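Structure, as structure tokens:
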Amino acid sequence: MSLLVVGNVAFDFILKVKFLPKRNEATSVTDLRLCPGGCAGNVAVVAKRLGIRSSLYSSVGKDFRNSDYEKKLLDMGVGIENLQYVDDMTARSFMFSDDNGDQQIYYYPGASSKLFYKKVDFSRYKCVHFSAGEISVYKHLMRDAKEKNCMVSFDPGQEIFHRSIEDIARCLPYADYLFFNEYEAEYISREIKVRDIEDLFFENTKAIIVSMGERG
């Protein structure tokens, strides 16, 4: 099985703090880790560990070249032939958490926001998964993937809250499988003005998967 994953690749800074500060307050960082991340990067790595031949279609900065992250992908055998190296920093996510498990997350999109459409030989892939990323270019990629009879899945994640709902809606008819959490499903149903998430079934849709936290 072969998989192409489209979306963000990012450097994740994971910080433990004494407390999450209010406005105009400061706090101490008690632990800091730099980890490879980004939705697309994570999916491609996990898929490879499960024995699936995976590749990435993402936009990264020139700082990604020869980074530990790039070396990790190469060592694992994750394909990076479709990475776009642009003149910006690779995306960065800063995740702060306290002892209670409360979090604050700050995200710098950087190079990921400069992802552009280019022709891909989709005949090489059986499945194409679209994760959070520069959704404005996804429709054209999804169309090309379907023309090559690829199975297409789409998990927009947090992007649905700060992206054009029109960009997201244009992608939905091309996806065989859609993924949302419960809150995202309610939000997109409301924004697209449908009564229920089931109204988002299109001709190509095989399943809509909604995660419901502790309820499964």
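Just a few scattered comments:
- Shape of the stretch 107-187, Cα gyration tensor, a/c cut at 1.5: oblate
- Net length gained if the chain between GLN158 and LEU50 were fully extended (0.36 nm per residue, minus Cα distance): 36.3 nm
- The separation of the stretch 15-82 from the stretch 119-183, counted between C-alpha centres, amounts to 21 Å.
- Among complete DSSP H helices in the chain, none has alpha-carbon atoms stretching at least 20 Å along the helix's long axis together with a mean Kyte-Doolittle hydropathy reaching 0.0.
- Within straight-line cross-link reach of LYS71, lysines at Cα separation under 16 Å, skipping those fewer than 8 residues along the same chain: LYS48, LYS62
- Estimated dipole of the chain in Debye, rounded to 20 [Cβ of Lys and Arg +1, of Asp and Glu -1, Cα centre]: 600 debye
- Cβ-based charge dipole, the stretch 129-210, positive-most Cα from SER136, ILE160, ALA185: SER136
- Computed over the stretch 52-107, relative contact order equals 38 percent, with contacts defined as Cα pairs under 8 Å that lie 6+ residues apart.
- Too-long pairs where the Cα-Cα distance tops 32 Å, listed order kept, from LYS16/LYS139; LYS146/LYS193; LYS16/LYS118; LYS16/LYS126; LYS16/LYS146; LYS72/LYS119: LYS16/LYS139; LYS16/LYS118; LYS16/LYS126; LYS16/LYS146
- Taking Lys and Arg as +1 and Asp and Glu as -1, the other residues whose beta-carbon sits under 11 Å from that of MET151 total +3.
- Relative contact order, percent, the chain [alpha-carbon distance under 8 Å, six or more residues apart]: 18 percent
- Full-stretch length increase - GLU182, LEU15 - with 0.36 nm per residue and alpha-carbon distance subtracted: 57.4 nm
- Global form of the chain, assessed from the alpha-carbon gyration tensor, a/c cut-off 1.5: oblate
- Counting DSSP beta bridges with both ends in the chain, the antiparallel % (nearest 5): 30 percent
Read the figures in this text as sums done on the coordinates, not as results from a lab. Being a predicted model, the structure only gives us computed values, none of them experimental. Positions of Cβ are backbone-derived with ideal geometry, glycine not excepted, and every protein chain shown enters the neighbour counts.
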